[in-house]
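Q: Sharing a structure here in structure tokens format.
The values are calculated or read from the model by the stated rules, or taken from the named source; none is laboratory data. Small disclaimer: the values here were computed from a predicted structure and weren't measured. FYI the Cβ positions are ideal-geometry reconstructions off the backbone, even for glycines, and counts take in every protein chain you see.
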Amino acid sequence: MCGLTWAGGHKATTYGLGVEVLTLNGRHIIEHGGEVGGFVAENILFPDDHVAIAVLTNQEASEAASEIAKEIAPLVLPPSSNSSVTEAFIPQLKTILTGLQKGEIDRSLFTANCNDYYDQTALSDYQSSLAPLGTITNVTPGRESLRGGMTFGNYKVTFSTGTTIIVTVFLEPNGKIEQLLVVGKQ
């Protein structure tokens with residue numbers, strides 16, 4: 001995983017002065033986006049691939065530069081053969097979401113904090129929200145990064161009804177789930 005390491009043996013971080021160090025689809029990324037008076041920029045460096053993408057737009061308060069950069073990336077990057085933590089988690093995520101549709105979870109997968117969150121009220125809420133969506137037809141991993149010693153990942157999950165939701169997950173180094181949230185429909 002990428003990280004910024006500071007002198008003196010301090011732990012690595014994924015963020016500094018507006019720059020994020022991430023892993024996406026197994027690729028190391030250094031990213032910075034910004035906005036000023038009518039302009040938005042997105043700069044992405046793929047150091048292992050020796051590729052940089054810079055997009056400038058004359059849009060204010062827009063995701064246009066970021067979206068354009070995401071569309072350009074697969075056109076200029078070689079195919080990735082690396083497997084990431086978020087990709088490896090997909091089968092487990094499918095099992096967890098299917099369980100939530102039934103109002104149940106395998107508590108051995110979660111930390112004590114996360115198990116406290118998933119009380120009967122939360123399980124009932126997830127069941128009533130997720131059950132009507134049907135079966136999972138596709139899970140696409142998104143951004144992956146390190147935060148607080150955990151791996152953060154987000155996913156697009158599509159169901160047989162055509163509904164797509166976003167799920168975010170924080171995994172501890174031992175693989176236990178500290179946080180798993182359905183952010184909302186896309």
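Q: I need the helices (runs of 4 or more DSSP H) fully contained in the range 35-133, keeping only those with at least 3 residues that are of a type in the set (A, V, I, L, M, F, W, C) and modelled with pLDDT of 90 or more.
A: 90-101, 120-130
Q: Restricting to the range 146-162, and then to whatever is touching a Gly at 6+ places or on another chain (Cβ under 8 Å) and surrounded by 14 or more Cβ atoms within 10 Å (Cβ to Cβ), can you tell me which residue is modelled with the highest pLDDT?
A: By that ranking, first place goes to Phe159.
Q: Any idea which residue in the range 163-186 is modelled with the highest pLDDT, counting only those that are of a type in the set (S, T, N, Q) and closer than 18 Å to Tyr117 by Cβ?
A: Gln179
Q: Among the residues of the range 56-107 satisfying the criterion of being touching a helix residue (DSSP H, G or I) at 6+ places or on another chain (Cβ under 8 Å) and free of Cβ contacts under 8 Å to residues at least 24 places away in the same chain, which is surrounded by the most Cβ atoms within 10 Å (Cβ to Cβ)?
A: Per the criteria, the residue is Ile105.
Q: Still on this structure, please answer the following. Pick from the range 134-152 the residues that are without any contact (Cβ under 8 Å) to a residue 40 or more places away in the chain and part of a strand (DSSP E or B): which of them is farthest from Glu178 (Cα to Cα)?
A: Looking at residues that are without any contact (Cβ under 8 Å) to a residue 40 or more places away in the chain and part of a strand (DSSP E or B), I get Thr137.
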